[in-house]
Amino acid sequence: MTVKESTSENLFADVQGRHARREDTISTVAAGTLEAIEVSAWFSGNLVLEDVSLVMPASKVTALIGPSGCGKSTFLRILNRMHESTPGAQLGGEVLLDGEDIYARHQRVTEVRKRIGMVFQKPNPFPAMSIGENVVAGLALAHVKVSKERRGEIIETCLTRSGLWTEVKDRLATPGGALSGGQQQRLCIARALAVEPEILLMDEPCSALDPASTFVIEQTIQELSGEVTIVIVTHNMQQAARVSEQTAFFLAAQGEPGGIVESGSTAQIFDDPQDPRTADYVHGRFG
Amino acid sequence: MSGAGAPQLLEEDRPTRGKPRTIERGLSRSDRVFRGSSTGVGIFVLVVTGSIGLFLGLQSIPTFRHYGFSFFTQTNWQPERDQIGIAAVLVGTVEVALVAICVGIPLAMSLALFITEYAPRKLKSWMVSAVDLMAAVPSILYGLWGFFLLQPHAKYLARWLSQYLGWIPIFKVSTDPNAAVWQQSAYTSSVFITGIAVSMMVIPLACAVMRGVFDETPMGEREAALALSGTRFGVIRTVVLPFGRGGIIGGSMLALGRALGETIVVLMIISPAYDIKIRILEAGGQTISALIAGNFGNATSAQLSALLTAGFVLFVITLGVNFFAATVIRKSRSGALTEI
Amino acid sequence: MTTFSDLDLEPREEGPVEEAPERVTRRPRRVRRTTFDDYLELGGSFLSSGALVGVLYGHVFNMSGVLGFLVLWYFAFMVIFGLTLKITNPNPLVVDKLVQATIFVASAVVIAALLSALIFVVVKGLHALGHLNFFTHNMAGVSPTAPLSQGGIFHAIVGTLVEISVAVAISLPLGLMTAVFLSEVGGKWSNLVRTVVEAMTALPEILAGLFVYVVMIVYFGFPRSGFAVSVAMSVTMVPIIARTGEVSLRIVPNGLREASNALGGSEWRTTWKVVLPSARAGLATALILAIARGIGETAIPLICSGASSFTNFNPFANPMNSLPLFILTGFQTGQSVAIERAFGAGTVLLVLILGLFVLTRFLARDRKVKR
């Protein structure tokens with residue numbers, strides 16, 4: 001893969017173009033393809049992830065499964081450049097978004113984070129802001145100016161897509177922290193969607209939630225696929241089977257760095273795994 | 001289970017159904033002495049503290065009786081002419097404290113943000129030590145620094161302020177700042193310079209409180225802001241500052257309390273003048289604590305009573321400010337997790 | 001039931017997990033956030049704003065003095081840097097970098113001010129320190145304007161040490177007991193005591209001195225002496241020991257107390273033999289902080305004692321000079337020799353405080369190692 005070098009003018013034009021695009025459309029942003037090429041990760045000199053290569057196709061949901069401690073979350077955080085914020089963290093390899101390495105020298109982290117959004121395991125709405133303000137927080141942070149009506153539209157659209165609109169539409173001005181766990185997580189999804197990312201990364205989004213909220217969020221994911229590329233880390237194999245089209249199985253042997261054992265379509269991984277370790281995991285012999 | 005050989009329960013022993021029992025803690029004698037004496041010490045500390053206010057208050061009664069309300073409106077402090085009032089020194093105290101706060105709080109907040117958000121790990125512990133050291137340096141040394149190092153440089157700054165911002169009343173000076181040979185002594189020993197020196201004492205206090213609070217910002221919210229924005233300022237603006245609001249306000253109030261009570265630095269820099277003046281760049285001014293320290297040596301007993309009354313007023317003000325600060329910190333989100 | 005270890009997790013054929021030697025050659029990648037462009041932007045703005053202000057300063061702005069130059073330089077830098085950044089960066093990044101620059105500059109200003117204070121005092125004091133008599137003589141019979149080869153601060157050093165020792169003897173037991181009361185005993189008074197103790201840590205030192213003066217010296221007729229100073233010092237030190245001490249005691253894990261109680265230890269024994277020793281480092285830090293505060297107080301000796309020039313070991317009779325008071329009175333004479341002596345005394349005081357400070361750092365580190 002070649003890495004395109006942009007000059008400053010091109011970058012400026014890119015920024016302008018994206019801003020212009022955002023003013024016109026509501027939600028028709030092309031989903032992107034994410035590709036990891038021989039990605040490795042270190043924490044304070046310890047190798048924790050080794051040579052992970054994976055293609056996450058556009059507009060599809062890719063699930064990352066495997067026992068805890070295999071590096072799935074670390075891999076996910078490398079995909080949107082959150083990994084490097086941890087002290088002592090290092091990485092190797094490339095991550096291509098639509099063919100461009102997001103770690104190239106000229107790439108701005110702010111741009112990467114706008115195009116690749118993230119939802120975390122523990123819901124984290126901003127308590128100092130109201131529900132409405134939470135949804136558009138990403139836009140405010142990116143200094144994107146929208147008119148008042150546009151703002152209202154965006155709030156409504158995003159909350160609808162994340163399945164929260166009907167429950168909160170009468171109390172958009174109340175603080176964002178005063179919701180139940182499931183509602184908070186849906187608010188975080190709406191917040192991530194408001195900046196219109198091409199990719200949405202989800203790090204075990206339902207593991208802290210009750211089954212009812214989990215159901216709603218899985219529905220949301222299914223509705224979103226086709227519009228946004230989703231990469232979801234999950235412990236729950238049934239969930240992976242339910243929502244994803246592609247799956248990658250991570251494993252780390254005792255004292256060894258983690259890596260992908262097998263990846264492919266979800267149907268193939270679950271019904272006809274090639275590697276015996278995959279078979280053992282999906283049949284519940286360890287977890 | 002009761003069997004034939006089981007001892008019969010006495011009526012008093014049988015616990016009442018459904019209600020918790022009161023348990024008699026049979027404390028040993030040494031424990032009772034321990035509890036009693038430590039409680040006694042605690043109360044003793046309470047009593048001594050209260051009595052400070054009480055004694056000062058008692059001493060103030062003759063003064064208030066003599067001068068009445070004019071004590072608060074009279075600006076002169078001339079005991080030999082029986083003219084005593086704290087109007088001027090009260091205003092001066094507040095002015096010096098406000099200058100110290102306006103200079104010190106932004107600097108303290110920047111330093112706190114630097115330590116928690118920007119400093120690399122190794123530098124962070126050095127910076128924390130530096131701030132603690134700054135707090136440990138006695139005010140007499142800052143007084144020396146303020147008079148001999150700060151003042152010669154700051155007077156130029158004062159002159160520049162009165163040159164270009166002199167249309168704002170507080171920056172006006174009675175002499176002509178644009179004169180080729182300008183009157184340097186008019187810009188020294190002023191509220192402005194004193195306030196800057198006092199800010200050195202205020203900064204470490206406010207910085208420590210704010211830093212403690214910023215450190216407590218929940219990681220989850222930080223990550224959410226980071227994932228959305230990609231900039232450190234984005235995280236600060238959206239998460240750190242709103243979370244730390246209680247600490248910022250509380251820390252500023254504590255700093256204000258400290259600045260109001262600062263004695264030695266003021267004594268060494270300011271040149272005593274007893275009129276209500278709002279021109280902070282001009283020489284002259286006085287604060288309550290410097291008034292007391294300065295006039296203490298040659299005070300008759302009547303004058304002493306007046307000084308003590310002024311001290312009582314200072315006591316009430318600083319106590320009020322500090323109580324307010326402690327309440328704000330405790331009630332805020334960040335304060336619930338912090339010990340000041 | 002298959003357990004984890006039963007499963008054969010080693011790859012049977014060539015799997016994606018690489019062999020050990022290959023791993024060693026894999027290198028992490030340097031993710032550099034700042035590009036060469038960024039350095040150019042920063043450096044260029046820095047230099048150009050400096051040059052601009054330098055040219056305009058004397059001629060256009062009619063200012064003199066280093067401070068003014070620096071202030072103007074900062075503002076010019078922000079403007080130029082901001083404009084430069086706007087060319088290639090989106091707004092959020094421009095704001096982010098300007099804020100970062102401001103925070104850096106402000107922090108540097110504070111640190112520079114602190115360092116300038118410390119260095120200034122030491123540099124000015126070196127002249128006096130060069131004379132041995134400075135440490136061994138007092139000022140009895142020596143006029144303030146006498147040259148530095150005469151007189152010294154021995155009496156002030158003695159005074160400080162005596163006063164702080166008596167103050168510690170008073171405040172340590174009181175403060176420690178209060179901390180124990182707040183942390184271990186509790187009870188219905190504890191909230192009130194805690195609130196008052198916290199408020200007292202903020203008491204201006206002059207009020208402490210005034211209080212002792214009124215009660216001890218005026219009411220009870222005690223003389224102005226070192227003892228009065230020590231009592232007033234204790235008034236400011238007890239709250240510090242109590243408050244910081246309580247925090248240190250709180251940190252001791254409850255499990256230790258439970259274990260001691262389960263072994264039959266009474267509350268008193270538990271506290272004395274288990275809790276206090278565990279919190280030793282924290283309590284020592286509390287004491288040292290209080291000492292640092294006490295020896296630096298100036299308004300208290302001003303009011304409760306007098307600036308004598310004789311060496312006095314007895315805190316109960318006669319005025320006792322101390323380092324801060326000596327510095328103040330020297331300063332107030334306005335005589336250059338006296339001021340030099342004052343700076344010398346200031347350096348001694350500073351070294352004392354620094355020593356105490358290093359001690360607290362050492363103790364804090366020790367505690368972490370033990371854990």
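The values are calculated or read from the model by the stated rules, or taken from the named source; none is laboratory data. Since this is a predicted model, take the numbers as computed values, not measurements. Here the Cβ positions follow ideal geometry from the backbone for every residue, glycine too, while neighbour counts run over all protein chains shown.
Of all helices (runs of 4 or more DSSP H) completely enclosed by segment B:244-340, which ones contain at least 3 residues that are surrounded by fewer than 22 Cβ atoms within 10 Å (Cβ to Cβ) and aliphatic (A, V, I, L, M)? Spell out how you get there, then give the answer.
On the way: elements: B:245-261, B:264-269, B:288-295, B:301-331.
Those helices (runs of 4 or more DSSP H) span B:301-331.
How many residues does segment C:142-200 contain that are in contact with an Asp or Glu (Cβ under 9 Å, 6 or more places away or on another chain) and aliphatic (A, V, I, L, M)?
Final tally of qualifying residues: 6.
Tally the residues that are over 15 Å from the mean Cα position of the chain (by Cα) and either touching a residue at least 24 places away in the same chain (Cβ under 8 Å) or outside any helix (DSSP H, G or I) (or both), restricting the search to segment A:224-243. Working first, answer last.
Step one: list which residues in segment A:224-243 are over 15 Å from the mean Cα position of the chain (by Cα), which gives A:235-239, A:241-242.
If we keep only those that are either touching a residue at least 24 places away in the same chain (Cβ under 8 Å) or outside any helix (DSSP H, G or I) (or both) as well, we get A:235-237, A:239, A:241-242.
Total meeting the criteria: 6.
For segment C:315-323, check the following and say yes or no: at least one residue is crowded, with 21+ Cβ neighbours inside 10 Å, within 30 Å of residue C:218 (Cα to Cα) and within 12 Å of chain B (Cβ to nearest Cβ).
Yes, there is a match, as at least one residue in segment C:315-323 is crowded, with 21+ Cβ neighbours inside 10 Å, within 30 Å of residue C:218 (Cα to Cα) and within 12 Å of chain B (Cβ to nearest Cβ).
Condition first: among the basic types (Lys, Arg), outside any loop (DSSP other than H, G, I, E, B) and under 28 Å from residue C:113 (Cα atoms). Can you find one or more residues in segment B:165-184 that meet it?
Restricting attention to segment B:165-184, the residues satisfying the condition of being among the basic types (Lys, Arg) are B:172.
Right, trim to outside any loop (DSSP other than H, G, I, E, B) and you get none.
No, segment B:165-184 contains no residue that is among the basic types (Lys, Arg), outside any loop (DSSP other than H, G, I, E, B) and under 28 Å from residue C:113 (Cα atoms).
Which of the residues that make up segment A:222-250 are farther than 16 Å from residue A:205 by Cβ and touching a Leu at 6+ places or on another chain (Cβ under 7 Å)?
A:248, A:250 - these are the residues of segment A:222-250 that are farther than 16 Å from residue A:205 by Cβ and touching a Leu at 6+ places or on another chain (Cβ under 7 Å).
Give me the helices (runs of 4 or more DSSP H) completely within segment A:147-208, filtered to those with at least 2 residues that are touching a residue at least 60 places away in the same chain (Cβ under 8 Å), ordered by residue number. Write out each step before concluding.
Values: elements: A:148-161, A:165-168, A:181-194.
Result: A:148-161, A:181-194.
Hey, any hits in segment C:279-290 for a residue that's without any contact (Cβ under 8 Å) to a residue 24 or more places away in the chain and assigned by TED's automatic domain parsing to the domain that holds residue C:171?
First, the residues of segment C:279-290 that are without any contact (Cβ under 8 Å) to a residue 24 or more places away in the chain: C:280.
Among the residues that remain, those that are also assigned by TED's automatic domain parsing to the domain that holds residue C:171 are: C:280.
Checked segment C:279-290: at least one residue is without any contact (Cβ under 8 Å) to a residue 24 or more places away in the chain and assigned by TED's automatic domain parsing to the domain that holds residue C:171.
Could you check residue C:162 against (1) over 26 Å from residue B:326 (Cα atoms); (2) assigned by TED's automatic domain parsing to the domain that holds residue C:334; (3) out of contact with any Pro (no Cβ under 9 Å at 6 or more places or on another chain); (4) among the aliphatic types (A, V, I, L, M) and say which number it fails?
It fails just one condition, (3).
Which pairs turn up if I take residues in segment C:145-166 that are among the charged types (D, E, K, R) and look for partners that are part of a loop (DSSP other than H, G, I, E, B) with beta carbon separation below 6 Å, at least 6 apart in sequence or on another chain?
C:163/C:322
I'm told residue A:196 meets every condition in (1) within 12 Å of residue A:162 (Cα to Cα); (2) away from every other protein chain (no Cβ under 12 Å) except one. Can you identify the failing condition by its number?
(1)
If you go through segment B:226-248 one residue at a time, how many are at the interface with chain A (Cβ under 7 Å from one of its Cβ atoms) and among the β-branched types (Val, Ile, Thr)?
3
Take the residues in segment B:19-58 that are loosely packed, with under 11 Cβ neighbours inside 10 Å and not hydrophobic (A, V, I, L, M, F, W, C), then tell me which one is modelled with the highest pLDDT.
From segment B:19-58, those loosely packed, with under 11 Cβ neighbours inside 10 Å are B:19-26, B:29; that's our starting set.
Applying the additional criterion that residues be not hydrophobic (A, V, I, L, M, F, W, C) yields B:19-22, B:24-26, B:29.
On the way: B:19: 59, B:20: 64, B:21: 64, B:22: 62, B:24: 60, B:25: 61, B:26: 62, B:29: 70.
Per the criteria, the residue is B:29.
Matching residues to (1) surrounded by fewer than 20 Cβ atoms within 10 Å (Cβ to Cβ); (2) closer than 25 Å to residue A:204 by Cα:
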position: A:96; (1), (2): yes, yes
position: A:99; (1), (2): yes, no
position: A:105; (1), (2): yes, no
position: A:113; (1), (2): no, yes
position: A:117; (1), (2): no, yes
position: A:137; (1), (2): no, yes
position: A:158; (1), (2): no, yes
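Of the residues B:113, B:157, B:123, which is within 7 Å of chain C (Cβ to nearest Cβ) and under 30 Å from residue B:213 (Cβ atoms)?
Values: B:157 fails: under 30 Å from residue B:213 (Cβ atoms); B:123 fails: within 7 Å of chain C (Cβ to nearest Cβ).
The unique qualifying residue is B:113.
Looking only at segment A:170-191, decide whether some residue is in contact with a Leu (Cβ under 7 Å, 6 or more places away or on another chain) and surrounded by fewer than 16 Cβ atoms within 10 Å (Cβ to Cβ).
yes
Could you tell me whether residue A:138 is touching a residue at least 60 places away in the same chain (Cβ under 8 Å), closer than 20 Å to residue A:199 by Cβ and at the interface with another protein chain (Cβ under 10 Å from one of its Cβ atoms)? Walk me through how you get there before you give the answer.
Numbers: touching a residue at least 60 places away in the same chain (Cβ under 8 Å): no; closer than 20 Å to residue A:199 by Cβ: yes; at the interface with another protein chain (Cβ under 10 Å from one of its Cβ atoms): yes.
No; evaluated as a whole, the condition is false for this residue.
Yes or no: segment A:97-108 includes at least one residue that is more than 14 Å from every other protein chain (Cβ to nearest Cβ) and assigned to a helix (DSSP H, G or I). Show your work before the answer.
Here is the first cut: in segment A:97-108, the ones more than 14 Å from every other protein chain (Cβ to nearest Cβ) are A:97-100.
Still in the list and also assigned to a helix (DSSP H, G or I): none.
The answer is no, given that none of the residues of segment A:97-108 is more than 14 Å from every other protein chain (Cβ to nearest Cβ) and assigned to a helix (DSSP H, G or I).
Failed condition for residue B:77, given (1) farther than 19 Å from residue C:210 by Cβ; (2) modelled with pLDDT under 80, with all others met?
The one condition residue B:77 does not meet is (1).
From the residues in segment A:109-127 that are touching a residue at least 40 places away in the same chain (Cβ under 8 Å) and over 18 Å from residue A:180 (Cβ atoms), which one is farthest from the other protein chains (Cβ to nearest Cβ)?
Keep residues of segment A:109-127 that are touching a residue at least 40 places away in the same chain (Cβ under 8 Å), which gives A:111, A:114-127.
This time we only want the ones that are over 18 Å from residue A:180 (Cβ atoms), so: A:111, A:114-118.
Numbers: A:111: 8, A:114: 8, A:115: 11, A:116: 9, A:117: 7, A:118: 4 Å.
My answer is A:115.
Pick from A:173, A:178, A:192: which is out of contact with any helix residue (DSSP H, G or I) (no Cβ under 8 Å at 6 or more places or on another chain) and of a type in the set (A, V, I, L, M)? Can you show your working first?
Working: A:173 fails: out of contact with any helix residue (DSSP H, G or I) (no Cβ under 8 Å at 6 or more places or on another chain); A:192 fails: out of contact with any helix residue (DSSP H, G or I) (no Cβ under 8 Å at 6 or more places or on another chain).
Result of the check over A:173, A:178, A:192: A:178.
What residue, of B:88, B:97, is more than 14 Å from chain C (Cβ to nearest Cβ) and either closer than 19 Å to residue B:289 by Cα or not basic (Lys, Arg) (or both)? Walk me through how you get there before you give the answer.
Values: B:97 fails: more than 14 Å from chain C (Cβ to nearest Cβ).
Going through B:88, B:97 in turn, the sole match is B:88.
Give segment C:243-269 a look and list any residue that's more than 10 Å from every other protein chain (Cβ to nearest Cβ) and crowded, with 18+ Cβ neighbours inside 10 Å, or say none.
If the condition is that a residue be more than 10 Å from every other protein chain (Cβ to nearest Cβ) and crowded, with 18+ Cβ neighbours inside 10 Å, then C:245, C:248, C:249, C:252, C:257, C:260 are the ones that fit.
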